[in-house]
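Down below is the structure, laid out as structure tokens.
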Amino acid sequence: MTAQKKSAGRAAADLVTTGQTVGLGTGSTVFFTLERLAERIAEEGLSVRGVPTSIDTETKAKGFGIPLATLGEVDSIDVTIDGADEIDGAFQMIKGGGGALLREKVVASISSQVITVVGPDKVVATLGTTFDLPVEVVPFARAVCERRIRALGGEPRVREKDGAPFVTDNSAQILDVHFPGGIADAPALERALDEIPGVVESGLFIGLSHVLVIGNDSGEAETRRK
Ligand code: 5RP
């Protein structure tokens, strides 16, 4: 599993060209992207500035010495490299396993190209069949959101950490929502979730990924374009 993530994360970093503004996703696969970008900066003089999608990634990128910029300092992003919890044949994704879905979606939305880095286990026929859908909610509205999500056929569960609700970088909480049988119409579900007052963002990423890099155990990666 780690070898697959490493192959994908590093292969995607090799697609970055000098002068680019690079969205830096969140998670254990992107860790290897950060590592490879840092190598390229040191070895080739690659010149990039990264826009991190989480405090965790910001800390790691700083540790690797990758120059960073905020969203206020960039008009657009050339390429974003990020992981996924599931991706289907139409490059629709579930994200948010690390709780960074809001910032990841904002950064993806202003990126000319999004490269998704995964191991083969993340590629699915139907979203929601191997991973529950993270939905970020305002704590005040959580009970209302849970009721509305149940009405949509979902089974929400409050994500916890150390016995208390997990708190996102945006001081919100996460509901991990199981949809029995999977998610039949992801765009419709995304719209329905967006209409619930108190929902900050859902982990459904529709039309946001352009390139899929799937790593394998022997250090190679397959690249698919949408
Ligand atoms: C974080 C995410 C991650 O990209 C997703 O959870 C995949 O993580 P990993 O690369 O560790 O498997 O969406 O919010």
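Loop-located trypsin sites (Lys or Arg not before Pro) in segment 66-137 (DSSP state not H, G, I, E or B) with no more than 15 neighbouring Cβ atoms inside 10 Å do not occur. Full extension of the segment from Glu43 to Leu71, taken as 0.36 nm per residue of separation minus the current Cα-Cα distance, would add 7.3 nm.
Note on segment 1-21 and segment 33-59: Cα centroid distance 10 Å, given to the nearest whole angstrom. If R0 is 22 Å, the Cβ-Cβ spacing of Glu35 and Ala90 corresponds to a FRET efficiency of close to 0.15. Computed from the C-beta positions of Val138 and Ile55, the FRET efficiency with R₀ = 25 Å rounds to 0.85. Evaluated over the chain, the count of Lys pairs having alpha-carbon atoms less than 20 Å apart is 16 (only pairs 8 or more residues apart or interchain). Per residue, the average separation of C-alpha pairs within less than 8 Å and at least 6 apart gives segment 133-199 a relative contact order of 46 percent. Figure legend: label point modelled 7 angstrom from the Cα of Lys226 along Cα→Cβ; residues of segment 66-94 with amide N under 16 Å from it are 77-94. Once the Cβ-Cβ distance of Met1 and Ile110 is raised to the sixth power relative to R0 = 35 Å, the FRET efficiency obtained is 0.65. Relative contact order of the chain: 25 percent, from C-alpha pairs under 8 Å at least 6 residues apart in sequence.
Accessible surface computed residue by residue for the chain, with neighbouring protein chains in place and a 1.4 Å probe, gives 44 Å² per residue. Helices in the chain, meaning DSSP H runs of at least 4 residues, each add -39500 (n - 2.57). Divided by all residues, the mean residue ellipticity at 222 nm is -9000 deg cm²/dmol. Taking Cβ atoms as reference points and 9 Å as the exclusive limit, the residues near Gly9 contribute a net charge of +3, counting Lys and Arg as +1 and Asp and Glu as -1.
Give me the base-10 log of I(q)/I(0) for the chain at each q in 0.10, 0.17 Å⁻¹, Debye formula, one uniform scatterer per Cα, rounded to two decimals. Debye intensities relative to I(0), on a log10 scale: -0.43, -1.18. Each Lys and Arg Cβ is given +1 and each Asp and Glu Cβ -1; about its Cα centre, the chain then shows a dipole of about 140 debye. For the chain, the share of accessible area belonging to carbon and sulfur comes to 50 percent (1.4 Å probe, ligands and nucleic acids excluded). Just checking the listed ones, Gly203, Gly72, Gly98: in the Gaussian network model of the chain with Cα springs under 10 Å, the one fluctuating most is Gly72.
The values are calculated or read from the model by the stated rules, or taken from the named source; none is laboratory data. Computed from a predicted model, the values in this text were never measured in an experiment. Cβ coordinates were reconstructed from backbone atoms using ideal geometry, including for glycine residues, and neighbour counts include every protein chain displayed. What goes into the accessible areas is simple: the full protein's heavy atoms, side chains included, and nothing from ligands, DNA or RNA. Shrake-Rupley method; radii C 1.70, N 1.55, O 1.52, S 1.80 Å.
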